[in-house]
Amino acid sequence: MMKRIMTIQDISCVGKCSLTVALPIISAMGVEAGILPTAVLSTHTAFKNFTFHDLTNEIRPISKHWKDENIGFDAIYTGYLGSFEQIELVSEFFDAFKTDDNVIVIDPVMGDYGKLYAGFTEEFAAAMAKLCGKADIILPNMTEAAYMLGIEYVESGYDEEYIKSVLVGLSKLGAKVSVLTGVSFKEGELGVMAYNSETGEFFSYFNKEIDARYHGTGDVFASCCTGALMNGLSVEEALALSADYTARCIQNTVDDKDGRWYGVNFEAEMPYLINRLEEYRNK
Ligand code: PXL
């Protein structure tokens, strides 16, 4: 039967992030995408004067209906959450829908490049860190990891031992697999490093760094990763594919002289993503 992902995050109506990224990517990967929208924003929060309509009060009744209908999920993937109360409700949701067979993927979306996004605080990062204890896989970037662990954000110049220690620190939050995105040991290289606390193994994967910064790339990465796991790829394969696809999306946007500033051309690289998936399926 076709796999089904439940993704819990906001709808930023324009901005190419959160659900407007997760839905198309998951669908393109041949996986059913169910959504639990946490808020409706006119745009993501990097725009000025965005509107914000909170949907917190919908979370419990919607979840209850799904329980009553015996609806379950092969993966639950959470992204941007807007309040402490939403973290609490998502934690409840995990308790209600976690099974022995499904996976919980948390992308603790809170910031980038050393700074938290508008509206987030250190206390919020601590609450998100606690939520991460319920995940199978967590996908923070360097900024989010630093805030969740209460350590200094180091932009560059660190070595592999340092990243390994951050990953081990993250694993103590309780997830099986901790992944750090936006890792770079060498100038001109950017990628991910992961730690599986059950096997004690580390994994890393790098691409050529593209000198550009866009919003929504973490959402592209996390959506692709969850979709890849549902296609039977191993965690390592899913991370490598997601890193490659995200890099392609960034390059495509850089090469597009009319490219928009607020998000990447992930749509244009979907044929690449689907071809790569086909290769795994035919292996
Ligand atoms: O891309 C992450 C994201 C998701 N949702 C909202 C955001 C952002 C990043 O800024 O503002 C509302």
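Within region 69-90, the set of residues being more than 17 Å from the chain's Cα centre (by Cα) and away from the ligand (no atom under 16 Å from the Cβ) comprises GLU69, ASN70, ILE71, GLY72, PHE73, PHE84, GLU85, GLU88, LEU89. On inspection, THR20 fails the criterion of being assigned to a strand (DSSP E or B) and not aliphatic (A, V, I, L, M).
A quick yes/no check of all residues on (1) assigned to a strand (DSSP E or B); (2) buried (at least 24 other Cβ atoms within 10 Å of the Cβ); (3) in contact with a Cys (Cβ under 6 Å, 6 or more places away or on another chain):
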| site | (1), (2), (3) |
| --- | --- |
| THR181 | yes, yes, no |
| MET193 | yes, no, no |
| SER204 | yes, no, no |
| ASP211 | no, no, no |
| LEU233 | no, no, no |
| ALA247 | no, no, no |
| ASN252 | no, no, no |
| GLY259 | no, no, no |
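Listed by first and then second residue, the pairs linking a residue in region 108-120 that is on the phi < 0 side of the Ramachandran plot and charged (D, E, K, R) to a residue that is more than 9 Å from the ligand (Cβ to nearest atom) and assigned to a loop (DSSP other than H, G, I, E, B), with Cβ atoms under 7 Å apart and 6 or more places separating them unless they lie on different chains, form an empty list.
For region 37-90, a residue qualifies if it is in a loop (DSSP other than H, G, I, E, B) and in contact with a strand residue (DSSP E or B) (Cβ under 7 Å, 6 or more places away or on another chain), and the qualifying residues are HIS44, PHE50, THR51, LEU55, PHE73, ASP74, GLY79, TYR80, LEU81, GLY82.
Taking the listed residues ALA135, ALA33, the one that is among the small types (Gly, Ala, Ser), buried (at least 20 other Cβ atoms within 10 Å of the Cβ), closer than 26 Å to TYR195 by Cβ and within 18 Å of the chain's Cα centre (by Cα) is ALA135, with no other qualifying.
Counting just the residues of region 209-234 that are charged (D, E, K, R) and away from the ligand (no atom under 16 Å from the Cβ), which one comes out modelled with the lowest pLDDT? It comes out as ASP211. Restricting region 1-13 to residues that are more than 9 Å from the ligand (Cβ to nearest atom) and in contact (Cβ under 8 Å) with a residue 40 or more places away in the chain, the residue that is farthest from GLY227 (Cα to Cα) is ILE8. The residue that is farthest from the ligand (Cβ to nearest atom), among those in region 14-60 that are under 16 Å from MET270 (Cα atoms) and polar (S, T, N, Q), is SER27. Only residues that are touching a Phe, Trp or Tyr at 6+ places or on another chain (Cβ under 6 Å) and surrounded by fewer than 21 Cβ atoms within 10 Å (Cβ to Cβ) were counted across region 40-72, and they come to 4. Looking only at region 28-54, residues that are of a type outside the set (Val, Ile, Thr), under 19 Å from GLY218 (Cβ atoms) and without any contact (Cβ under 8 Å) to a residue 40 or more places away in the chain come to 4 in all. When region 263-279 is filtered for residues that are part of a loop (DSSP other than H, G, I, E, B), touching a residue at least 24 places away in the same chain (Cβ under 8 Å) and crowded, with 17+ Cβ neighbours inside 10 Å, the ones remaining, listed by number, are GLY263, VAL264, PHE266, GLU269. If you go through region 100-138 and keep only what is part of a loop (DSSP other than H, G, I, E, B) and either touching a Ser or Thr at 6+ places or on another chain (Cβ under 6 Å) or more than 13 Å from the ligand (Cβ to nearest atom) (or both), you end up with ASP100, ASP101, ASN102, GLY114, TYR117, ALA118, THR121, GLY133, LYS134, ALA135, ASP136.
The values are calculated or read from the model by the stated rules, or taken from the named source; none is laboratory data. Here the structure is a predicted model, which is why all the values come from computation and not from measurement. Please note: Cβ atoms are built from the backbone with ideal geometry, for glycine as well, and neighbour counts cover all protein chains shown.
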